[in-house]
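Below you'll find the structure, written out as structure tokens, and then a few comments.
The values are calculated or read from the model by the stated rules, or taken from the named source; none is laboratory data. Quantities reported herein were computed from a predicted structural model and do not represent experimental measurements. FYI the Cβ positions are ideal-geometry reconstructions off the backbone, even for glycines, and counts take in every protein chain you see.
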Amino acid sequence: MAQVGVWPYLTRWYLVNRGGLRAVLIGAISLVLFLLAWHLLTIYRVVFFVRFTNVPSPAAVYESLTRAMHDTKFFMHVMLSCRRILFGFALAAIIAVPLGLVMGRFKLVHEILFPVTEILRPIPAIAWVPIAIMLWPTNEQSIVFITFLGAFFPVLVNTLHGMSLVDPVLVRASQCLGAREVSIFREVYFPASLPHIFTGLTVGMGVAWVSLIAAEMISGQFGIGYFTWEAYSLVQYADIALGMICIGILGLGSSALIRGLGRLVMPWNRT
Amino acid sequence: MSETIASQPTKGFVDVRNFGLSYPTLEGPVEAVCNASIHVNPGEFVSIVGPSGCGKSTLLNAVAGFLKPSEGDVTLDGEAIDGPSADRGIVFQQYSLFPWKTVKGNVEFGLKMKHLDKSSRDRAARTLLGLAGLTAFENKYPDSLSGGMKQRVGIVRALATGPKVLLLDEPFGALDAQTRVIMQQILTNMWQRLKISVLFVTHDIDEAIFLSDRVYCMTARPGTIKAEIKIPLERPRQQSMMMSSEFLGLRRGLMSLIREESIKAMGGELNDLALDGLSIDLNGQSLADVV
Ligand SMILES: Nc1ncnc2c1ncn2[C@@H]1O[C@H](COP(=O)(O)OP(=O)(O)OP(=O)(O)O)[C@@H](O)[C@H]1O
Ligand SMILES: [Mg+2]
């Protein structure tokens, strides 16, 4: 039936992936156009409501990048930010997911904890900086704490939401197949909530980066956020853009990582 | 191998005595079922038919253990039913497969809850899937199956734990007519092989007659048992029997029983008084004349 050989395979591959190829192509064109616009705006130092006079050009940022590539200090900033994200985010996931599951399952726990989380939730993580500095002995710990707070609430809220949407018919079906409380929790509530948990993790990762960068700019000594702010203080404008782009790529990469993990953990969920 | 599944249910006597159940609502308790008595003998196929909202699901859910009777007793082999358990398998009208498990994973679920080891789980699941003609789909996720296929897996999953009774609540209600006929055949086949008691809820009279040894007909709410009809059609049953005079006679009888109740359930007969107010001209006749 299906022909073998390289050429027919490539043809079929093209037919199946046509949509994806198109998206990649258009995406690439759009990126090039963005770079071009940036280049022109900065080369001609356009002033039209906003002033591009001091904004670094792509070429300047590229130069800055090659310099940074030979600079261990830059890497140290990046690695430090990644470590803070890793600790803060992992802590948030490890605490918020089980907490959400338990709150979703046991009404009393929900009734006790929900009011508190609802009051704390709207407070931006960055507003915690003064308290964090008081709470934690080292600067490093308070920054991780801020990152943790940023990720915590999106994960908790989405886990709760997932728990509230678990189809009661599935719970009944499992009971009729002999499942008891622990098994129902493990085999029904948890997998049923997983898609929402992963939504929460993706959103949480985004907010974690936002909080981390802000915390680093305010109280940090190291990290990519600090690097960006320092570049401004030292009038190294090209480094500002380099820091920003670096933050963008790190954020993108970590979200992609979570999405990939989600696909790995939920092979049934093809969205 | 297949004996381990097939030889189990020598038991499976469901007895519902003077069962009554009311749902609490803001307007006071709503009596869904009142003074209903039914039984299912071991290995028997029994259906419940009745108009919409007469309490068929309520009755079935009480046998499943999801609802506690307000009055009367519900027992299985002489023991009062106390909550859901694996000795009563259930198939719902809504598809209720676990989307995160493959077809085989779904079928193995009950065995996993019984702490069977992996290899015997695997063997039992494969045997049953083979019996239902689902072997080719064992590694598929439910989302990629058709409705009929999902219900077939649902039935196999419910049977896998070797329950004493299989409870089905309008399992084929959402399927098209052709698929439904095939599903009925598959269900009959599996029932005959496994010799299990079945309690089947439906509003499809043909389905009830075609499948059952006995049919209970319920009244409109509050539901009680209006009639109990034996179906003396011989087994195995063929599709062609649905045209036999015997079948049609049973059908006519049940039909008129249900019709009366359905009219009651809908709030009474269309009466002429109500129609008198209408004056729609139909070729010179009034609508009331036509009716
Ligand atoms: N949780 C509930 N609270 C209040 N009333 C209910 C509740 N569940 C069911 N009822 C009422 O009890 C009656 C019987 O319901 P049940 O679902 O058992 O009927 P049914 O025969 O299965 O109907 P259908 O053919 O539509 O499935 C219905 O009139 C319904 O309105
Ligand atoms: Mg019902």
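Can you confirm whether B:Phe109 is within 26 Å of B:Thr188 (Cβ to Cβ), touching a strand residue (DSSP E or B) at 6+ places or on another chain (Cβ under 6 Å) and surrounded by 22 or more Cβ atoms within 10 Å (Cβ to Cβ)?
Spelling it out, it is not the case that B:Phe109 is within 26 Å of B:Thr188 (Cβ to Cβ), touching a strand residue (DSSP E or B) at 6+ places or on another chain (Cβ under 6 Å) and surrounded by 22 or more Cβ atoms within 10 Å (Cβ to Cβ).
From the set of residues in segment B:139-171 that are among the polar types (S, T, N, Q) and within 11 Å of chain A (Cβ to nearest Cβ), which is nearest to the chain's Cα centre (by Cα)?
Out of the qualifying residues, it is B:Thr161.
Please list, ordered by first then second residue, the pairs with beta carbon atoms under 9 Å, 6 or more apart or interchain, first in segment B:18-35 and within 14 Å of another protein chain (Cβ to nearest Cβ), second hydroxyl-bearing (Ser, Thr, Tyr) and within 10 Å of ligand 1 (Cβ to nearest atom).
Pairs that qualify, where the first residue is within 14 Å of another protein chain (Cβ to nearest Cβ) and the partner is hydroxyl-bearing (Ser, Thr, Tyr) and within 10 Å of ligand 1 (Cβ to nearest atom): there are none.
Inspect segment B:74-85 for any residue being within 16 Å of ligand 1 (Cβ to nearest atom) and either at positive phi or of a type outside the set (S, T, N, Q) (or both) and give the result as yes or no.
Yes, some residue in segment B:74-85 is within 16 Å of ligand 1 (Cβ to nearest atom) and either at positive phi or of a type outside the set (S, T, N, Q) (or both).
Conditions: (1) within 16 Å of ligand 2 (Cβ to nearest atom); (2) closer than 19 Å to B:Asn61 by Cβ; (3) away from chain A (no Cβ under 14 Å). B:Asp204 meets all but one. Number of the miss?
All conditions pass for B:Asp204, except number (2).
For the list (1) free of Cβ contacts under 8 Å to residues at least 60 places away in the same chain; (2) within 16 Å of ligand 2 (Cβ to nearest atom); (3) of a type outside the set (Ser, Thr, Tyr), I need the number of the one condition that B:Val181 fails.
(2)
Could you please give the count of residues in segment B:150-183 that are among the hydrophobic types (A, V, I, L, M, F, W, C), within 16 Å of ligand 1 (Cβ to nearest atom) and crowded, with 24+ Cβ neighbours inside 10 Å?
Residues that pass the stated criteria total 3.
Please count how many residues of segment B:47-58 are modelled with pLDDT of 95 or more and farther than 11 Å from B:Cys217 by Cα.
0
Those residues that are in contact (Cβ under 8 Å) with a residue 12 or more places away in the chain, more than 27 Å from A:Pro130 (Cβ to Cβ) and not polar (S, T, N, Q), I need them from segment A:219-260; list them, please.
Correct list: A:Tyr237, A:Ala238, A:Asp239, A:Ala241, A:Leu242, A:Ile245, A:Cys246, A:Ile258, A:Arg259.
Could you grab me the full set of residues in segment B:35-52 that are over 12 Å from B:Leu166 (Cα atoms), among the small types (Gly, Ala, Ser) and within 14 Å of ligand 1 (Cβ to nearest atom)?
Hits for segment B:35-52 are B:Ala36, B:Gly50, B:Ser52.
Could you please let me know if B:Leu116 is closer than 19 Å to B:Ala220 by Cα and either within 16 Å of ligand 2 (Cβ to nearest atom) or within 13 Å of another protein chain (Cβ to nearest Cβ) (or both)?
Against the criterion (closer than 19 Å to B:Ala220 by Cα and either within 16 Å of ligand 2 (Cβ to nearest atom) or within 13 Å of another protein chain (Cβ to nearest Cβ) (or both)), B:Leu116 does not qualify.
What pairs come out if I take residues in segment B:46-60 that are away from every other protein chain (no Cβ under 14 Å) and pair them with residues that are near ligand 2 (Cβ under 9 Å from one of its atoms) and modelled with pLDDT of 90 or more whose C-beta lies under 6 Å away, six or more apart or interchain?
Close Cβ pairs satisfying both conditions: B:Ile48/B:Lys56; B:Ile48/B:Val201; B:Gly50/B:Lys56; B:Lys56/B:Val201.
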